[in-house]
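Written out below as structure tokens is the structure these notes cover.
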Amino acid sequence: MQALAPAGPKEPEEFPYQINDPVEKEIVSVLKAELGRYEVCGRRVGGLGSVHIVYQGRAMTGIGSDSWIPNSPTNQLIVSDPEAASLKSDNLEALVGFYKGLGSDEERKRFKAALLERLSEKKGYLSVSYFIICVLWKIGSFDEALQKAKRELPDGEAKVFGLSNILMLLNGLLKYRYPEFTNDMLDAIERFIHGLTEHPFLIPAKIATIRAGRLTAPKN
């Protein structure tokens, strides 16, 4: 008798037309759009859905990778010109713009709660966990998002790479857009990766390099 294949990641069982809350409805619509983008440009091709870096005018497939010149003493972990890099995603811009346009604190709380609720293995958005983290980072809930991801997402899952894609996102952002990360955010990332069995890419080395650079940077 042929063994049954292991079940794949849960798919979302919600549909925007069934959602009464207008804030939650828009979030679900964009998350589903990102799911479609990840199907086309996902981990198998080095992508993270719609999320990508444009560096020195060149658009990358995803968030970039690490390579270096052998036997060189120069720093190659982070770029020397982060101002030449930008994070791009039309879906990210859509949700962040929607958040900024919300008219009340109550609506903004519902926005954040709806995203955090879907940062879970059980909700069907595991493959786009990187995107949820990215949105929450942009609206100022980075540490809370990482804590929820570490608590809720499966460690070592290798079908859609939920946690691993978050690590890949952070690894790329720390290389190209490290000025956007405060020292407290670096602490949050270290707490996030501590104890995980997932491969952390070069995150620890990049954090050490960023901190060393800030020690030697001129004080304003």
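Quick look at the numbers
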item: Accessible area (Å², per residue) of the range 31-138, counting only protein heavy atoms and a probe of 1.4 Å; result: 49 Å²
item: Shape box of the range 110-183 [Cα atoms, principal axes, largest first, Å]; result: 34, 30, 16
item: Among [x] 22, 21, 17; [y] 30, 22, 17; [z] 27, 22, 18, the entry that matches semi-axes √(5λ) of the Cα gyration tensor in Å as calculated here; result: [y]
item: Residue 26 accessible area, assembled protein chains, probe 1.4 Å, Å²; result: 80 Å²
item: Flagged links, alpha-carbon separation over 31 Å, of 25/175; 88/159; 109/206; result: 25/175; 109/206
item: Listed peptides 137-146, 188-197 by packing density, highest first (mean Cβ within 10 Å); result: 137-146, 188-197
item: GNM top mover of 91, 71, 20 - the chain, alpha-carbon springs below 10 Å; result: 71
item: Cut-off 12 Å, label 7 Å out along Cα→Cβ of residue 214, residues of the range 168-183 by amide N; result: 178-183
item: Cα centroid of the range 159-218 to Cα centroid of the range 23-54, whole Å; result: 21 Å
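The values are calculated or read from the model by the stated rules, or taken from the named source; none is laboratory data. Since we're looking at a predicted model, the values are computed, not measured. In this analysis, Cβ positions are derived from the backbone assuming ideal geometry, glycine residues included, and neighbour counts consider all displayed protein chains. The area values use the complete protein model at the heavy-atom level, side chains included, leaving out ligands, DNA and RNA. Shrake-Rupley method; radii C 1.70, N 1.55, O 1.52, S 1.80 Å.
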